[in-house]
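To start, the structure under review is shown below, and the notes come after it.
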Amino acid sequence: MKRLFNNINEWKIIQNEIEYDENRLAESIMSLGNGYMGMRGNYEEKYSKDTHRGSYIGGVWYPDKTRVGWWKNGYPNYFGKVPNSVNYIGIDIYVNGHLLDLAKANVIDFYRELDMENGILIRKFTAEVNGDKIEVKVVRFLSINTKELGVIKYEVKSLNFDGEVTFVAYLDSNVKNEDSNYEEAFWINISSDSNKNYGSVVARTKDNPFNTDVFSVCAVMNVKTSKDAKVNTYTNKEHYSENNLVFDVKKDETVSIEKYVAITTTRDYNQEELILKANDILGKETTKGYELVLKKQCEAWNKRWESADIKIEGDALAQQGIRYNLFQLFSTYYGEDARLNIGPKGFTGEKYGGATYWDTEAYCLPVYLGVTPKEVSRNLLVYRHNQLGRAVENAKKLGLEGALYPMVTFNGEECHNEWEITFEEIHRNGTIVYGIYNYTNYTGDFEYIKEKGIDVIVEVARFWASRVHLNKRKNLYMIHGVTGPNEYDNNVNNNWYTNYLAKWCLEYAVENIKWLEKENIESEREIM
């Protein structure tokens, strides 16, 4: 794999030849996102060798029933997962009736770049399909100006023939998660429709026995063409909608389509509004035209980089690396929605379920504080405050006071399925409070503690006070039966990191209570 990405460019990840053996890794590296949704770096067209098609929507999740042979008090009933959502990038290509499949075609040259400066994925290749040679260019992006919008421009040039080129643009909600515990499909079909240069599908996560939210997702596409198709047909079936466009081409002629897709969900709209809202979005964006929408995308990403770019002189690989890390963070989360958080793999795949972990406060928050407006970080704290009630419930399940924030969650309820993590990695609780400490000290926004933060600080302190026990012989408080953050040893006593965080949380709670009491007294004096 290293040979594919050894062309170091400080703003781009470049792949100079097609990859077969480690295609999944290449797909992960070339992923895109806009905070609202994201996708792996899959090809738009058919690919019959190993691939992992993946499109994901932030905040849309499913409770996959826990697979375990035994239970303990407080054990989660399910493991929450972001379901692999509707495949909205699909564009199959036929050359004189023969399907383009890069796993089978004679690929003469191949180039792909992830343009991090502008938030664009570009792919170019030359291939021979049954003797007919074509040159292809594909540009794809997810808008950070209009969160529901994805755009693809797909160009095909005939190099040695006069004949037909067919584009089959489609939407497909009949998708599955490879990590499903019981190999179940998470989606049921609601509707599908198609018309000339248009298609839609609506699917809903199936009912579950855990009383968690059910989500509907709508995908609508509009297809614009560089010239009139000689054949323009459409069809739909359950979970699926397609447009079939056939063009006559001459040697050295290029024909192209622009596929605009809008994704709406019941997180933001009522069920009956989904298609209407998606149609409205596409109507506005297609009217602007591809070049303007692309230009606005580039300008928006450039503006982000003005304040976020970290420059490393004399080491191009390190420079590329830090920009790639920032790009993936921003593609996953940029603070527009306090209901969302940062999945450990972002939108690059299914591993870790796309859920929220303590990694957010421990590792991600400090980065956001340094390179983004403070509102981006503040919303990460608001996310935890909004889930405080569930954290209190989590503690009660273990017979404890206060609030125990989950190791893995979407809605505040614990949904991790390994006992040594669910019950013993309680250091995560202290990290939630440390996030408040970092945010307020870095930004000077101490009003957050008054408005929301003190609630979390006090409830976490109550948890620690109920979790410790007094060793009378040594006259010391201790915490037994934990797993430290290195996860090397389980069920250990008095892990240094855990104990230190517990002590610090208790002292920080006392400090803030005294500060608020003082602030209150001074406020009363001002009123008098």
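The values are calculated or read from the model by the stated rules, or taken from the named source; none is laboratory data. From a predicted model like this one, the values you see are computed outputs, not experimental measurements. We place every Cβ from the backbone using ideal geometry, glycine too, and count neighbours over all the protein chains shown. With ligands, DNA and RNA removed, areas are computed over all heavy atoms of the protein, side chains included. Shrake-Rupley method; radii C 1.70, N 1.55, O 1.52, S 1.80 Å.
For a 18 Å ceiling on Cα separation, which of these pairs sit above it: LYS46/LYS104; LYS295/LYS374; LYS12/LYS311? Display every interim value, and only then the final one.
Details: LYS46/LYS104 10 Å; LYS295/LYS374 27 Å; LYS12/LYS311 15 Å.
Correct reply: LYS295/LYS374.
Given the convex hull over the Cα atoms of region 94-151, what projected area results after averaging over all orientations, in nm²? Mind showing how you got there, number by number?
Values: hull surface 19.9 nm².
For region 94-151, the mean projected area of the Cα convex hull comes to 5.0 nm².
When the accessible area of region 156-254 is split by element with a 1.4 Å probe, what percent falls to carbon and sulfur?
Numbers: 1790 of 4590 Å².
C and S atoms contribute 39 percent here.
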Exercise. How high is the FRET efficiency between GLU517 and LYS374 when r is their beta carbon distance and R₀ equals 30 Å, given to the nearest 0.05?
Worked result: 0.70
For this session: Classify region 338-411 as rounded, prolate or oblate from the Cα gyration tensor: take a ≥ b ≥ c as the square roots of its eigenvalues, call it rounded if a/c is under 1.5, otherwise prolate when a/b beats b/c and oblate if not.
Result: oblate
Problem set entry | Per-pair calculated FRET efficiency, R0 = 41 Å: TRP504 and SER48 via Cβ, rounded to 0.05 | 0.15
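What length, rounded to one decimal in nm, is gained on full extension from GLU306 through to ILE8, with 0.36 nm per residue of separation minus their alpha-carbon distance?
Working: separation 298, 0.36 × 298 = 107.28 nm, distance 2.18 nm.
Net length gain for the segment: 105.1 nm.
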Seminar exercise, completed: Expressed per residue, the solvent accessible area of region 144-226 in Å² (1.4 Å probe) is about 39
Problem set entry | Longest to shortest principal axis, alpha-carbon extents of region 296-436, angstrom | 54, 27, 25
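Filter the chain for me: DSSP H helices, axial length by Cα at least 15 angstrom, mean Kyte-Doolittle hydropathy not below -0.5. List them by residue number. Working shown, then result.
Details: long enough: 274-288 (22 Å, -0.12); 290-308 (27 Å, -1.04); 316-332 (24 Å, 0.20); 374-386 (18 Å, -0.98); 427-443 (24 Å, -0.77); 454-467 (20 Å, 0.74); 496-527 (46 Å, -0.75).
The qualifying helices are 274-288, 316-332, 454-467.
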For this session: Quick one: pull the percent of accessible area on region 1-142 belonging to carbon and sulfur, 1.4 Å probe, ligands and nucleic acids left out.
Result: 43
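Answer rounded, prolate or oblate for region 208-333, using the Cα gyration tensor with square roots of eigenvalues a ≥ b ≥ c: rounded when a/c is under 1.5, else prolate when a/b is larger than b/c, else oblate. Each step should come with its number before you reach the end.
Values: a/c = 2.28, a/b = 1.21, b/c = 1.89.
Here region 208-333 falls in the oblate category.
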Exercise. Hey, what did the chain get for relative contact order, percent, Cα under 8 Å, at least 6 apart?
Worked result: 13
Seminar exercise, completed: The base-10 log of I(q)/I(0) that the Debye equation returns for region 463-527 at q = 0.15, 0.19 Å⁻¹, one scatterer per C-alpha, is -0.60, -0.78
Problem set entry | Given [x] 24.5, 86; [y] 23.8, 75; [z] 25.9, 92, the label whose value is Rg and Dmax of the Cα atoms in Å derived from this model | [z]
Problem set entry | Set of region 392-418 residues, backbone N closer than 12 Å to the point 7 Å along the Cα-Cβ line of GLU487 | 408, 417-418
Problem set entry | region 135-215, relative contact order [Cα under 8 Å, separation at least 6], % | 18
